[in-house]
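The numbers here are math on the coordinates, done by the rules we state, and not lab data. Nothing here was measured: the structure is a model prediction, and the numbers come from that model. Cβ coordinates were reconstructed from backbone atoms using ideal geometry, including for glycine residues, and neighbour counts include every protein chain displayed.
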Amino acid sequence: MKTVVSKLLVSIASASIVLGVVPACTVERESSDEGTERNEADVSKDEPSYFKIKNVDVSPKIDVKMATAGKEIFETKCGACHKYDERYVGPPLGKVTARRTPEYVMNMILFPETMQDNDDTVKALIQTFMLRMPNLNLQEQDARNVLEHLRDYAQKN
Ligand code: HEC
């Protein structure tokens, strides 16, 4: 019994060591990746009130699994209207994460109608493209995966 208890104590102790180390790593990674961060639109903590998605957690480091899943969704559901580098039925999206916030992109994918009714940038896009982007009824996680793919694409191209 004694050994079980002391083993438990040891694992709790090592768990807290690991936990203690994690924030230190995160801080370090953020500062060394500053260059990459500047590629992206500033994350404003003050998004417009009509944004239904208020805050999207993005890390400077791309989540490869999410980006891979997102690429497939992009190709099947968005490619009919969007290319990466040229105007098509809708605007090019290869660098969209450099000109828009993650929150904007998520709201645009999940709640295009709300954006079209309220957002001046989107209203101007409708004038230019003479079409309102339809709601594709994506799950939130699918939309998040597409965002990760677009962040990945923008960083690499
Ligand atoms: C039927 C055509 C169509 C499909 C399919 C479509 N879009 Fe769009 N999209 C548009 C049009 C047209 C606009 C510009 C007018 C508007 O915003 O309604 C637009 C605008 C956007 C914008 C805003 C771009 C900017 O510069 O601000 C984003 C982001 C976007 N679409 C993402 C997507 C994603 C991601 C998908 C797939 C999940 C997708 N769209 C599928 C037609 C489409």
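Filter the range 107-132 down to residues that are in a helix (DSSP H, G or I) and more than 10 Å from the ligand (Cβ to nearest atom) and give me whichever is farthest from SER59 (Cα to Cα). Talk me through it step by step, then tell me what you get.
First, pick out the residues of the range 107-132 that are in a helix (DSSP H, G or I): 107-110, 112-118, 120-129.
Narrowing the set further to residues that are more than 10 Å from the ligand (Cβ to nearest atom) leaves 114, 117-118, 120.
Values: THR114: 27, ASP117: 30, ASN118: 28, ASP120: 28 Å.
My answer is ASP117.
Based on this model, can you work out whether GLU72 counts as surrounded by fewer than 17 Cβ atoms within 10 Å (Cβ to Cβ) and not in a helix (DSSP H, G or I)? Reasoning before the result, please.
Values: surrounded by fewer than 17 Cβ atoms within 10 Å (Cβ to Cβ): yes; not in a helix (DSSP H, G or I): no.
So GLU72 fails the test.
Residues that are of a type in the set (A, V, I, L, M) and buried (at least 18 other Cβ atoms within 10 Å of the Cβ): does the range 135-142 have at least one? Explain how you work it out, then say what you get.
Of all residues in the range 135-142, those of a type in the set (A, V, I, L, M) come to 136, 138.
Next cut, buried (at least 18 other Cβ atoms within 10 Å of the Cβ) only: none.
No: the range 135-142 contains no residue that is of a type in the set (A, V, I, L, M) and buried (at least 18 other Cβ atoms within 10 Å of the Cβ).
Is it the case that TYR104 is of a type in the set (Phe, Trp, Tyr) and within 9 Å of the ligand (Cβ to nearest atom)? Walk me through how you get there before you give the answer.
On the way: of a type in the set (Phe, Trp, Tyr): yes; within 9 Å of the ligand (Cβ to nearest atom): yes.
Criteria met by TYR104.
Quick one: how many residues across the range 108-149 are over 11 Å from the mean Cα position of the chain (by Cα) and under 22 Å from LYS83 (Cβ atoms)?
22
Six or more apart or on different chains, Cβ under 6 Å: which pairs go from a residue in the range 70-86 that's touching a residue at least 12 places away in the same chain (Cβ under 8 Å) to one that's more than 6 Å from the ligand (Cβ to nearest atom) and among the charged types (D, E, K, R)? Could you list them?
GLY70/GLU148; ILE73/ASP142
Can THR114 be described as over 16 Å from ASN157 (Cβ atoms), surrounded by fewer than 18 Cβ atoms within 10 Å (Cβ to Cβ) and of a type in the set (Ser, Thr, Tyr)? Write out each step before concluding.
Working: over 16 Å from ASN157 (Cβ atoms): yes; surrounded by fewer than 18 Cβ atoms within 10 Å (Cβ to Cβ): yes; of a type in the set (Ser, Thr, Tyr): yes.
Judged against the criteria, THR114 is a match.
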